[in-house]
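What follows is calculated from the coordinates using simple rules that are stated; it is not laboratory data. Predicted model, so just to flag it, every value in this text is computed and none were measured. Note that we place each Cβ from the backbone using ideal geometry, even for glycine, and neighbour counts take in every protein chain shown.
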Amino acid sequence: MTVVLLLCIITSQLTVVLSSAGNFWTYKGSLGADHWHLDYPHCGGIRQSPIDLQTRDVVVDQTYLSPLVFSGYDRVSNLFFRLENNGHTVQVGLNDKTMMISGGGLGATFVAEQFHFHWGAVDERGSEHSVNGRHFPMEMHIVHFNKKYGNFSSSVGKVDGLAVLGFFFEIGRFNEHFQEIIDHFGEIQFKNQHININSIPMIDLMPARLTNYYRYHGSLTTPPCFESVTWTIFNETIEIAEEQLVEFRTTIFENDKSDGGVFMDISDDYRPVQCMFRRRLYASHPSLKYDMASPRENGNDGVSNQPTRLLFSMFLVCIWCILPFFSF
């Protein structure tokens, strides 16, 4: 753990002379996530998101992490939602500011602003967060701002400004509720295209069980990476059919329609997991504290021998490095 922490610190302090151009960013190449900190200094901070949720390290606090209170999530308003392709993801703007969350240790009331998706080109990747190293094919984020600051713009830079709910997807049954969004993908294929769609009861898009979740303090997962987010990642997943996920992968492009040439799909629009440093990961229920990778065949009561393996591997590397200096 000490070695990993040291590597994280060294990595966060590395600087590069050349900077990327302006405030344009991508998920790949010279303007990808490894270079965001050049134009957006917050992206090199020590409270960044996403992270790998290491369940054996969680602190269970059932009293503080009580069930969240959802207000207005079960209603349909007369206002339209704004569905758009912003070149980085599919995003749905929630014009109805009556959807709110509170309780659950949040310490304030937060108003729903928008939700968006991160997905992979294949089923084995796509989610931004991971659980014990396992990624999911897609992840949805519902972004909220602190009601006391009045709006999203005023909240985004405040340490307690935002609360984001994260949901993992798994391949399974056809999801008719998300199909109401997918049916409009043909109208937002290209960057900066947007349309108005009928509002949807947000509760229909979420899992039925919302009492088991993880909690930590982090950041936006895209530039400017402000460290202003209280993250809530739910344990229960959302089912979606393979053919529905294919629509995300093949219909939504990061290009502008006027670009011409080969259109590039947005798939793999996720930031790699970031270092935890000294942050704590909390859980709302004891069942969330487990380690799927713990070796138990050696009668060690599930205690991982990963640190021992790490030290042994480092020893072998050192031996390999110094062998050329000896003659036999």
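Report the Cα centroid-to-centroid distance between region 87-102 and region 33-48 in angstrom, as an integer.
The distance from the Cα centre of region 87-102 to that of region 33-48 comes to 25 Å.
Using alpha-carbon pairs under 8 Å, 6+ residues apart, how would you state the relative contact order of region 38-293 in percent?
30 percent
Output the relative contact order of region 81-134, whole-number percent, from Cα pairs under 8 angstrom with separation of 6+ residues.
RCO, region 81-134: 26 percent.
What lysines could a cross-link reach from residue 148, if we take a straight Cα to Cα line under 17 Å and drop same-chain neighbours fewer than 8 places away?
97, 158
Going by average Cβ density within 10 Å per residue, which order do the peptides 221-228, 76-83, 31-38 take, highest to lowest?
221-228, 31-38, 76-83
If eta is 0.890 mPa s and T is 25 °C, what Stokes-Einstein diffusion coefficient results for region 38-293, Kirkwood Rh from Cα pairs, in µm²/s?
Approximately 132 µm²/s, per Stokes-Einstein.
Going by a ≥ b ≥ c, the root eigenvalues of the Cα gyration tensor, does region 153-297 fall in the rounded group (a/c under 1.5), the prolate group (a/b larger than b/c) or the oblate group?
Taking the square roots of the gyration eigenvalues as a ≥ b ≥ c, region 153-297 is prolate.
Stretch residue 173-residue 102 to full length: gain in nm at 0.36 nm per residue minus the Cα-Cα span?
Result for the pair: 22.5 nm of gain on full extension.
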